[in-house]
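What follows is a set of notes on a single structure, which appears directly below.
The values are calculated or read from the model by the stated rules, or taken from the named source; none is laboratory data. As the structure is a prediction and not an experimental result, all values here were calculated from the model. Neighbour counts run over all protein chains shown; Cβ positions are idealised from the backbone, glycine included. These area figures cover heavy atoms from the full protein model, side chains too; ligands, DNA and RNA do not enter into them. Shrake-Rupley method; radii C 1.70, N 1.55, O 1.52, S 1.80 Å.
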Amino acid sequence: MRHDHVITSKHLSRADVETVLDRAAEIAADPSAVADRHAGALLGLLFFEPSTRTKLSFETAMKRLGGDVVDMGSVESSSVTKGETLADTVRVIEGYTDALVLRHPKEGAATMASEFVDVPLLNAGDGAGQHPTQTLLDLYTIRENAGLDDLTIGIMGDLKYGRTVHSLAYALSNFDTRQHFISPESLQLPREVVYDLHQQQGGRTGIREHQRLEAVLGDLDVLYVTRIQRERFPDESEYRKVAGEYQIDRETLEAASDDLTVMHPLPRVDEIAPEVDDTEYAAYFEQAHNGVPVRMALLDLLLSEDGGGSDE
Ligand code: NCD
């Protein structure tokens, strides 16, 4: 994978995914083995939108590999406020670093930026588009808790604007999964995503859409809950119509299988009641923690001469 950009999960094959997840499992089992592996390497962080987990876990991952980060900081404090284009910004920062992480509010921004740089560019979220590194940690968490084959997953919430959902749905289509999409009608998966998923699955009908969770809850191995993406609604009144419609609490989960795994990319607003946190179902904090070994594995594979793997 050396020098590849990671822009969309559509380009991640099953073999790519397995390579990253296997490497992440090795690193999680013995992080000290890679503590100096990328000493001297620098990762550039360009976040044009708020971020907590993604940014801090990339920073942690790079430092745990012995490297360091340079951070553009907030948009307000950068030359973006002077009118600098994204293309110029990435061209400049690539000269300082070995890889770049970009989050941007515009869908397609990462694809565009990647055309201007030679170092690996990792898309950390482009508007309502894609978030492929989140998908890798989601897949890692699913593999640990439920396995990736013969999986029945429910993906619930804002399927229209949720980039984590788009990326996850594409990547899951490489595995033997049944995907149930649960949302209000106005927040259904974009039709082009549904079309792509049908194409990708070669006509197998592994996809179903629902408006009520009760229709499928009892069949699910994993329930992936998402936040309504308020900041992407053109009209606040449209947000208010659907806000708070999909919430789960202990009572909701009484109809679930005992083995259900509940995930969420976080941040949550009110989709999952805090009372669920202490149940056996909750895997969302573990999921957030998995961001570090998974991003370590990905960076290691992208930055290594030998394509990663153990070099002992
Ligand atoms: C997600 C994102 O930014 O798309 N957050 C994350 O990276 N874990 C989900 C969200 O903001 O709802």
Quiz item: Once the dipole of the chain is set up with Lys and Arg at +1 and Asp and Glu at -1 on Cβ about the Cα centre, which of A33, F47, P132 lies farthest towards its positive end?
Solution: F47
Quiz item: Debye sum, Cα scatterers, the range 87-233, no solvent: what log₁₀ I/I(0) at q = 0.09, 0.10 1/Å?
Solution: -0.31, -0.38
Quiz item: Using all Cα-Cα distances in the chain, what percent lands in each 20 angstrom bin from 0 up to the longest?
Solution: 34, 58, 9
Self-check item: Dipole magnitude of the chain, debye to nearest 20 (Cβ charges: Lys/Arg +1, Asp/Glu -1, about Cα centre)
Solution: 860
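Below 8 Å between Cα atoms, with a sequence gap of 6+, how large is the relative contact order for the chain in percent?
Numbers: 584 pairs, mean separation 67.8, N = 312.
Here the relative contact order equals 22 percent.
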Practice problem: May I ask you to give the percent of accessible area on the chain that is carbon plus sulfur, with a probe radius of 1.4 Å? | Solution: 46
Quiz prompt | D36-F116 pseudo-label distance in nm [points 7 Å out on the Cα-to-Cβ vector] | solution = 3.8
Quiz prompt | Projected-area mean, the range 1-157, by convex hull of Cα positions, square nanometres | solution = 10.0
Exercise. Considering Cα pairs under 8 angstrom that are at least six residues apart, work out the relative contact order of the range 132-288 and quote it in whole percent.
Key: 25
Quiz prompt | R208 - accessible surface, heavy atoms, 1.4 Å probe, Å² rounded to 10 | solution = 120
Quiz item: To the nearest 0.05, what FRET efficiency results for Q200 and A255 with a Förster distance of 35 Å applied to their C-beta separation?
Solution: 0.70
Quiz item: In straight Cα distance, which aspartates and glutamates are under 14 Å from K106, not counting same-chain residues fewer than 8 positions off?
Solution: E49, D126, E231
Quiz item: Taking R0 as 41 Å, what's the FRET efficiency between S13 and V70 from their Cβ-Cβ distance, rounded to 0.05?
Solution: 0.85
Quiz item: Going from most exposed to least, what order do K82, K63 have by accessible area with a 1.4 Å probe?
Solution: K82, K63
Self-check item: For peptides 290-301, 235-246, sequence by mean Cβ density within 10 Å, most packed first
Solution: 290-301, 235-246
Practice problem: Determine the calculated [θ] at 222 nm for the chain from helices alone, applying -39500 (n - 2.57) to every DSSP H run no shorter than 4 residues and normalising by the residue count; nearest 500 deg cm²/dmol. | Solution: -10000 deg cm²/dmol
Quiz item: For the range 146-281, what is the charge dipole size about the Cα centre, in debye to the nearest 20, if Lys and Arg each add +1 at the Cβ and Asp and Glu each add -1 at the Cβ?
Solution: 700
Exercise. Name the most mobile residue of S186, S77, S114, meaning the one with the largest mean-square fluctuation, in a Gaussian network model of the chain with Cα contacts below 10 Å.
Key: S77
Quiz prompt | Alpha-carbon centroids, the range 109-157 and the range 208-236: separation in whole Å | solution = 18
Practice problem: Please give the per residue accessible area of the chain, computed with a probe of 1.4 Å over protein heavy atoms only, in Å². | Solution: 43
Practice problem: Per residue, how big is the convex hull around the C-alpha atoms of the range 185-275? Give it to me in cubic angstrom, could you? | Solution: 123
Quiz item: Put +1 on the Cβ of every Lys and Arg and -1 on every Asp and Glu Cβ in the chain; which of T97, L299, M263 then has its Cα farthest towards the positive end of the dipole?
Solution: T97
Quiz item: Under a Cβ-Cβ cut-off of 12 Å, what is the net charge of the residues other than I93 that fall near it, where Lys and Arg count +1 and Asp and Glu count -1?
Solution: -4
